[in-house]
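The values are calculated or read from the model by the stated rules, or taken from the named source; none is laboratory data. Quick caveat: nothing in here was measured; it's all calculated off a predicted structure. Virtual Cβ from ideal backbone geometry, glycine too; neighbours counted across all protein chains shown. SASA here: full protein model, heavy atoms, side chains in, ligands and nucleic acids out. Shrake-Rupley method; radii C 1.70, N 1.55, O 1.52, S 1.80 Å.
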Amino acid sequence: GLGPLDEQLVESGYFNFNGALDCADKLLTLSDRPTAIFAANDEMAAAVVMTANRLRLRVPEDLSVAGFDNAPISETIWPELTTIAQPFSLIAKEAVRLCDSTNASSDGLSSIRVIQHKLIIRDSTGPAR
C-alpha cells in the first residue's frame, strides 16, 4: 500500500489559475520536488505547466502534470494536458433528478451515484524519471 501522506506535497489552489501558480511554485522549488502533480482541475494544471516552464522544468520529461474536467484549456496549452473527462450534462440531469422529491428516499443512500468518467492521456504525462 501507500505510505503516510506527506502534507508538504499537498497544496490548495482554490480551483483557480492564480492560486495554483503559488502552489506550483512552492511544490516545484522543494529540495525533493515531486515528479508528478495531479491538479483538481485543468485551470490549475495549466498553472503548474506554466510554473514548470518558468523554472525550466520540461513537461513531461521532468514533471508529469494531469488535470480534471477536460476543459478547453486542456487542449489549448502545450503540451496538451492529460485529464479526466466528466459528462457534465449527464451530471446536471442526474442532480436535477435527485432533487425531485418524488425520487428521494428518506435514508439518503439512494442519492449516491457514480457517473462514468474517462481518462484522456495527452502529452503532459510520461514515465517517471
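Given contacts defined as C-alpha pairs under 8 Å and at least six residues apart, what's the relative contact order of the chain, whole-number percent?
Working: 195 pairs, mean separation 28.8, N = 129.
Relative CO of the chain lands at 22 percent.
In square angstrom, rounded to the nearest 10, how much accessible surface does Thr83 have for a 1.4 Å probe?
Here the accessible area works out near 0 Å².
From the list [x] 8.9; [y] 10.2; [z] 8.2, can you say which value of mean projected area of the Cα convex hull in nm² was derived from the structure given?
Recomputing mean projected area of the Cα convex hull in nm² here gives the entry labelled [y].
Which one of Asp25, Asp100, Asp42 has the biggest mean-square fluctuation once the chain is modelled by GNM with Cα springs under 10 Å?
Evaluated over the chain, the most mobile residue of the options is Asp100.
Please give the solvent-accessible surface of Ser12 in Å², to the nearest 10, using a probe radius of 1.4 Å with every protein chain present.
Approximately 70 Å² of Ser12 is accessible to the 1.4 Å probe.
Could you list the trypsin sites (Lys or Arg not before Pro) in region 1-66 that lie in coil according to DSSP, counting only those with at most 12 other Cβ atoms within 10 Å of their Cβ? Before the final figure, lay out the partial values.
Values: sites: Lys26, Arg54, Arg56, Arg58; in loops: Arg56, Arg58.
The qualifying sites are Arg56, Arg58.
How far, in degrees from 0 to 90, does helix 17-28 lean away from the longest principal axis of the Cα atoms of the chain, to the nearest 10?
Between the helix axis and the principal axis of the chain, the angle is about 50 degrees.
What residues qualify as long-range amide H neighbours of Gln86, i.e. H under 5 Å apart, gap of 5 or more or another chain, H built at 1.01 Å from N?
So Gln86 has HN proximity to Asp69.
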